[in-house]
Amino acid sequence: MSRTEIDEGDFSLPIVLPELVVTPTHTQIFMFSAVTWNRHHIHYSRDAAIAEGLQDVVVQRALIGNYFVRLLTNWLRDSGEIKNISWKVLSSAVPNRKLRCQGVIASHESAAAADPGHLACEMTMINDAGETVATGRATVCIRDFS
Amino acid sequence: MNSTLPEAVQRAIGVTKKRRIEVTARDINRFAQAIGEMNPIHCDQDHARSSRYGGIVAPPLFCQTLTYEDASPDQLPADGSPLEIAVPVPAMRAVGGGSEYTIHRLVRAGDVIEIKSTLKDVHTKQGRSGLLYILVVETEFTDSDGRPVATELATYIKRA
């Protein structure tokens, strides 16, 4: 079902966001390096990555952030926007390994208590071995919140 | 700042570099493809025109495409890592640590964005495999009217 806005009644906290599952590929990692003009060899040369003690080429820190953004925008659609987002990479993500991105909105953003449309979301990204690859936090602003 | 850092590193902290780049619809489309975002608001002019944005807008973290200098390969360190973290700490292997991103507005095709990049801090931390050097780079993105578009505080980790 296509949807452009969050359904009414979706705002009782906590809100568990629909999980986003992504599987980064060598091609996507290459494309992301290309559009960000990131020539760091750990993102395209498996030999170089292994020589640096990594398992394979690694998913960019910046791309990890975009997976969290997609988790949020898949839920927000046209109903709001991301005001800020932070994330921390805890272990390397590598190609062809599934990543599960999960998020929970448990509270209103305390720094913007005067505006109940600001919600705080806690996020985690877990690989197929159950290891936490990244954690994140975001503030989203819901338009016409009531 | 850590006074035990090499002098050249201490001198690099606080140095700001500025650039200006005009964003095209093609840049936005390519970035959306690279992150796997298929929303037509990023690539379909007709769809975007009828949306509340009235035209194509970029995904929230689009400014990541503007972060690194267009340095030629011979200017980069041997590992190809970005110039923004090319400071002479006694550790060569770099990985991304994390990011704090503030989004003031979405980028549109035709925006001219000024990019101001500053190495804010370098400090050390004891890791499991030895001493880690933590580099913090701030990048501010403003539009041609001087209004903020986004700000990023990115952390990189270098180890021996």
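Summary table below
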read-out: Pick from segment A:17-51, criterion buried (at least 16 other Cβ atoms within 10 Å of the Cβ), outside any loop (DSSP other than H, G, I, E, B) and free of Cβ contacts under 8 Å to residues at least 24 places away in the same chain, ranking: farthest from the other protein chains (Cβ to nearest Cβ); value: A:R46
read-out: One residue from A:A62, A:A106, A:A34, A:A114 being at pLDDT 95 or above, more than 12 Å from the chain's Cα centre (by Cα) and small (G, A, S); value: A:A34
read-out: Filter result for B:I28 (buried (at least 16 other Cβ atoms within 10 Å of the Cβ), closer than 18 Å to A:L63 by Cα and within 9 Å of chain A (Cβ to nearest Cβ)); value: no
read-out: Failed criterion for A:N74 (all others in (1) more than 7 Å from chain B (Cβ to nearest Cβ); (2) in a helix (DSSP H, G or I); (3) more than 18 Å from the chain's Cα centre (by Cα) hold); value: (3)
read-out: Every residue from segment A:76-91 that is buried (at least 21 other Cβ atoms within 10 Å of the Cβ) and small (G, A, S); value: A:G80
read-out: Qualifying residue in segment B:48-62 (condition: among the polar types (S, T, N, Q), crowded, with 16+ Cβ neighbours inside 10 Å and closer than 24 Å to A:V57 by Cα); value: no
read-out: Residue list for segment A:58-75, filter: open to solvent by 20 Å² or more (accessible area, probe 1.4 Å) and in contact with a Pro (Cβ under 8 Å, 6 or more places away or on another chain); value: A:T73, A:N74
read-out: Count of segment B:118-147 residues which are in contact with a helix residue (DSSP H, G or I) (Cβ under 6 Å, 6 or more places away or on another chain) and either free of Cβ contacts under 8 Å to residues at least 60 places away in the same chain or within 15 Å of B:C63 (Cα to Cα) (or both); value: 3
read-out: Test: A:V133 is more than 24 Å from A:L13 (Cα to Cα), assigned to a strand (DSSP E or B), out of contact with any Phe, Trp or Tyr (no Cβ under 9 Å at 6 or more places or on another chain) and open to solvent by less than 60 Å² (accessible area, probe 1.4 Å); value: yes
read-out: Of all residues making up segment B:34-72, the number that are within 7 Å of chain A (Cβ to nearest Cβ) and not in a loop (DSSP other than H, G, I, E, B); value: 4
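The values are calculated or read from the model by the stated rules, or taken from the named source; none is laboratory data. Source: prediction; values computed, not measured. Every residue, glycine as well, gets a Cβ built from its backbone with ideal geometry; the counts of neighbours run over all protein chains shown. SASA here: full protein model, heavy atoms, side chains in, ligands and nucleic acids out. Shrake-Rupley method; radii C 1.70, N 1.55, O 1.52, S 1.80 Å.
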